[in-house]
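Structure record follows, encoded as structure tokens.
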Amino acid sequence: SFVAETIYKSFKDSALLRIHGIANADNFEELEILFKARGLEFDGNSNRTLAKSLEDAKSKGDGSLKDSLFQSLATRAMLEAQYICTGALESGAFSHYGLGIELYTHFTSPIRRYADVI
């Protein structure tokens with residue numbers, strides 16, 4: 001987040017950021033059914049409540065493959081993240097839903113090297 005903020009402050013109209021749109025609540029229907037079947041509460045109204053639901057499910061789970069299924073279904077239900085140039089969108093449209101932060105870039109990601117993307 002610090003790297004993204006620094007880049008954005010220095011290059012307001014040309015910063016390369018990674019954004020992740022807000023997930024549609026309907027996309028979580030399958031996940032919500034699975035939660036209910038296991039007697040767990042599900043709240044997908046925001047990225048923070050979704051993360052809390054997943055965390056609670058993991059802490060109440062037995063460490064089996066079923067527990068990782070929750071995370072997998074949640075990820076599949078989300079929109080695909082994308083790279084943008086800040087000059088192409090209105091300010092304020094740069095958040096990353098999946099991570100719950102306002103500005104993000106893969107500057108140090110080993111799987112999506114910043115230099116390769118540029």
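For segment 21-33, the tally of residues that are farther than 28 Å from THR105 by Cα and open to solvent by 70 Å² or more (accessible area, probe 1.4 Å) stands at 3. Would you call GLU90 surrounded by fewer than 12 Cβ atoms within 10 Å (Cβ to Cβ), within 13 Å of the chain's Cα centre (by Cα) and either in a loop (DSSP other than H, G, I, E, B) or free of Cβ contacts under 8 Å to residues at least 12 places away in the same chain (or both)? Against the criterion (surrounded by fewer than 12 Cβ atoms within 10 Å (Cβ to Cβ), within 13 Å of the chain's Cα centre (by Cα) and either in a loop (DSSP other than H, G, I, E, B) or free of Cβ contacts under 8 Å to residues at least 12 places away in the same chain (or both)), GLU90 does not qualify.
Out of ARG48, ARG113, ARG18, one residue alone is exposed (fewer than 14 other Cβ atoms within 10 Å of the Cβ), modelled with pLDDT of 85 or more and out of contact with any Leu (no Cβ under 6 Å at 6 or more places or on another chain). It is ARG48. Among residues that are more than 16 Å from ALA93 (Cα to Cα) and either in a loop (DSSP other than H, G, I, E, B) or among the hydroxyl-bearing types (Ser, Thr, Tyr) (or both), SER14 is not included. Scanning segment 2-15 for residues that are touching a helix residue (DSSP H, G or I) at 6+ places or on another chain (Cβ under 8 Å) and open to solvent by less than 50 Å² (accessible area, probe 1.4 Å) yields TYR8, ALA15. Candidates in segment 34-45 are the residues that are of a type in the set (A, V, I, L, M) and surrounded by 11 or more Cβ atoms within 10 Å (Cβ to Cβ); of these, the one that is farthest from SER72 (Cα to Cα) is LEU40.
Among the residues of segment 51-84, those identified as in a helix (DSSP H, G or I), closer than 28 Å to LEU103 by Cβ and open to solvent by 100 Å² or more (accessible area, probe 1.4 Å) are LYS52, GLU55, LYS58, ARG76.
The values are calculated or read from the model by the stated rules, or taken from the named source; none is laboratory data. Small disclaimer: the values here were computed from a predicted structure and weren't measured. Methodologically, a virtual Cβ is constructed for each residue, glycine included, from the backbone with ideal geometry; neighbour enumeration extends over all protein chains shown. For the accessible areas, the whole protein counts, side chains as well, though only heavy atoms, and no ligand, DNA or RNA atoms are used. Shrake-Rupley method; radii C 1.70, N 1.55, O 1.52, S 1.80 Å.
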